[in-house]
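Accompanying notes for the structure given below.
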Amino acid sequence: SSFYINSVSAAELSQGSLSAAFSSWGKASLKGDWKIIEADSKTYIELNENFKAKEGPDVKIFLSPLQANDVTGDNATQDSVFVALIPSFEGKSRIEIPAGTDLSNFQSLVFHCEAYSKLWGTSPLASS
């Protein structure tokens, strides 16, 4: 008799490093590495152990169709897909990207405080 071993392999779709939009008291608003992976037929943004963000209210993660350098506090949510509220301001976390999101429509990963239209930072979505 034969049996199948269900191996859960994560395919890496994209990766990069975050750029801070501002600095406060010598601390960057955002830093660290991320990758986008596909596992169990879902897509996730994975923030690395070195991820660190300045704490703030309403800091959300978006996928934007704009180039990372063109994103501002005013246009960060324009035509963007809301992914999630930031789960943690430090360390590793995995955030599910909404099902049906076509990553080819987006050019950057955006961290943004929607309540105050304050951009936390961005990263280009480069394919790996």
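The values are calculated or read from the model by the stated rules, or taken from the named source; none is laboratory data. Since the structure is predicted, the reported quantities are computational estimates derived from the model, not experimental observations. When we count neighbours, we look across all protein chains shown, and the Cβ atoms used for this are built from the backbone with ideal geometry, even at glycine. For accessibility, only protein heavy atoms count, side chains too; no ligands or nucleic acids. Shrake-Rupley method; radii C 1.70, N 1.55, O 1.52, S 1.80 Å.
Using the Cα gyration tensor of region 57-104, with a ≥ b ≥ c the square roots of its eigenvalues, what is the shape: rounded (a/c below 1.5), prolate (a/b larger than b/c) or oblate (neither)? The shape class here is oblate.
In the full protein context, region 26-91 carries 50 Å² of accessible surface per residue, based on a 1.4 Å probe and ignoring ligands, DNA and RNA. Structural descriptor for the chain: relative contact order 29 percent, calculated from alpha carbon pairs under 8 angstrom and at least 6 residues apart.
In this view, the solvent-accessible surface of Asp79, computed with a 1.4 Å probe and all protein chains in place, comes to about 120 Å². Remark on the chain: hydrodynamic radius 15.0 angstrom, per the Kirkwood mean of 1/r across alpha carbon pairs. Report the local net charge at Lys42: Lys and Arg +1, Asp and Glu -1, summed over other residues whose C-beta lies under 13 Å from its C-beta. Surrounding charge for Lys42 is -3. In a DSSP loop and with at most 16 other Cβ atoms within 10 Å, the GluC sites (Glu not before Pro) in region 67-126 are Glu114. Computed over the chain with a Gaussian network model linking Cα atoms closer than 10 Å, the most mobile of Ser108, Ser117, Ser23 is Ser23. Other residues whose C-beta falls under 13 angstrom from the C-beta of Cys113 contribute a net charge of -1, scoring Lys and Arg +1 and Asp and Glu -1. About the centre of its Cα atoms, the chain shows a dipole size close to 340 debye [charges on the beta carbon of Lys, Arg (+1) and Asp, Glu (-1) only; nearest 20 debye]. Net charge near Ala76, counting Lys/Arg +1 and Asp/Glu -1 over other residues with Cβ under 13 Å of its Cβ? Within the 13 Å Cβ shell, the charges total -3.
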